[in-house]
Amino acid sequence: HKFHRGPWHYVNFPYRAGQAESSLPSDPLPNETNILKEIETSQKVVQKLLKFDPGAAAGVSHEANRAVRVCWLFHLIGDLHQPLHAVALVDDKLFPDGHHDDQGGNLLAIRPDARAKPQRLHGYWDGILGYDSRFSSVCDFADLLSRDPTLAPDKLEELTSHKQPRDWAAESYAAAKSHVYLEGKLPRVLWADVDAKKVAADDVPAVSTFDGANSRTLARRRMVVAGNRLAETLKTVLGK
């Protein structure tokens with residue numbers, strides 16, 4: 001846990017169910033830091049534009065910390081392309097405490113299909129393309145995506161038009177509105193109620209076959225877009 005930094009992984013731009021607006025709000029919900037700030041800081045640290053990194057672990061040399069920040073770029077650029085790392089559903093009645101939000105889907109329950117057990121909505125999206133983290137499996141999946149003609153760089157118009165991390169967050173926010181919260185129509189069941197057995201597993205909303213297929217298609221595209229942007233970012237900050 002020496003390098004764990006929970007607040008770095010996300011930014012919570014507020015979304016209210018049923019809102020018509022899909023563009024990114026001007027400000028996120030308050031937090032000590034967020035993924036956009038830490039991507040920027042990571043770039044500056046790797047480029048040696050910062051003499052002091054407030055997020056550095058104790059006892060780690062400056063050069064070693066640069067290496068850690070390169071790892072963070074891999075992680076954070078990937079995270080930012082998962083829709084629920086850029087949004088929070090705000091509902092004053094459902095979430096009466098704090099910022100009245102679902103914490104990026106962590107407080108809501110979903111079932112991947114009608115036969116599956118309930119899980120957190122955020123976890124569903126984190127694992128939508130699988131949980132096999134073996135190096136060979138990751139390479140095989142990357143190869144599969146690279147050979148998909150619909151995911152070739154020249155087919156991904158967002159690579160040309162959106163160059164900054166805030167633009168990438170805006171894409172994720174819009175995707176969350178349409179694909180995660182289903183334009184506000186996603187049934188909302190609290191994970192705490194499921195965990196406490198107040199809501200039966202069979203009463204937790206299940207993702208339809210149609211929505212599940214659309215979500216996986218979106219996730220594959222977001223992964224490929226993130227990979228391309230990571231490559232360009234590394235070229236810039238490492239001077240390659």
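The values are calculated or read from the model by the stated rules, or taken from the named source; none is laboratory data. Note that this is a predicted model, so its numbers are computed, not measured. Using ideal geometry, Cβ is built from the backbone for each residue, glycine included, and neighbour counts are taken over all protein chains shown. Heavy atoms of the whole protein, side chains included, go into the accessibility calculation; ligands, DNA and RNA do not. Shrake-Rupley method; radii C 1.70, N 1.55, O 1.52, S 1.80 Å.
Expressed as a fraction of 2.2 N^0.38 Å, the C-alpha radius of gyration for the chain is 1.05. For the stretch 1-78, the share of accessible area belonging to carbon and sulfur comes to 57 percent (1.4 Å probe, ligands and nucleic acids excluded). Kirkwood hydrodynamic radius of the stretch 76-157 from all distinct Cα pairs, in Å? Final number for the Kirkwood radius of the stretch 76-157 is 15.2 Å. Distance between the 7 Å Cα→Cβ label points at Lys163 and Leu144: 3.5 nm.
Using the 1.4 Å probe convention, the accessible area of the chain works out to 55 Å² per residue with neighbouring protein chains retained. Calculated [222 nm] ellipticity per residue, helices only, for the chain: -13000 deg cm²/dmol; basis is -39500 (n - 2.57) per DSSP H run with n ≥ 4, divided by all residues, nearest 500.
Fully extending the segment from Ala213 to Ala17, taken as 0.36 nm per residue of separation minus the present Cα-Cα distance, adds 68.3 nm. In this structure the amide hydrogen of Phe13, modeled in the peptide plane, comes within under 5 Å of the amide hydrogens of Leu29, Val87, Ala88, none closer than 5 places in sequence on its chain. For the stretch 31-134, how big is the tail of P(r) above 23 Å, as a whole percent of Cα pairs? The share of Cα pairs beyond 23 Å in the stretch 31-134 comes to 46 percent. Across the chain, Cα pairs under 8 Å and at least six residues apart give a relative contact order of 27 percent. Based on the Stokes-Einstein relation at 25 °C and a viscosity of 0.890 mPa s, and on the Kirkwood radius from alpha carbon pairs, the stretch 124-240 is assigned a translational diffusion coefficient of 147 µm²/s. For the chain, DSSP calls about 50 percent of its internal beta bridges antiparallel. The chymotrypsin sites (Phe, Trp or Tyr not before Pro) of the stretch 21-81 that DSSP puts in a loop, and whose beta carbon has at most 10 other beta carbons within 10 Å, are Phe52.
Close amide-amide hydrogen proximity is noted between Asn106 and His122, each under 5 Å apart and 5 or more residues distant or on a separate chain (H modeled in the peptide plane; Pro and chain starts excluded). The simple spin-label model puts a point 7 Å past each Cα toward its Cβ; for Asn228 and Glu40 those points are separated by 2.5 nm. Residue by residue, the stretch 71-83 carries 3J(HN,Hα) couplings of 4, 5, 4, 4, 5, 6, 5, x, 4, 4, 8, 8, x Hz when phi is fed to the Karplus relation 6.51 cos²θ - 1.76 cosθ + 1.60 (θ = phi - 60°); x denotes Gly or Pro. Couplings 3J(HN,Hα) of the stretch 46-54, computed from phi: 5, 7, 6, 9, 10, 7, 10, 10, x Hz, in residue order, whole Hz [Karplus 6.51 cos²θ - 1.76 cosθ + 1.60, θ = phi - 60°; x for Gly and Pro]. Between Asp97 and Phe52, the contour length at 0.36 nm per residue exceeds the Cα-Cα span by 12.6 nm. The simple Förster model, with R0 at 25 Å and r as the Cβ-Cβ distance, assigns Asn31 and Ser133 a FRET efficiency of 0.35.
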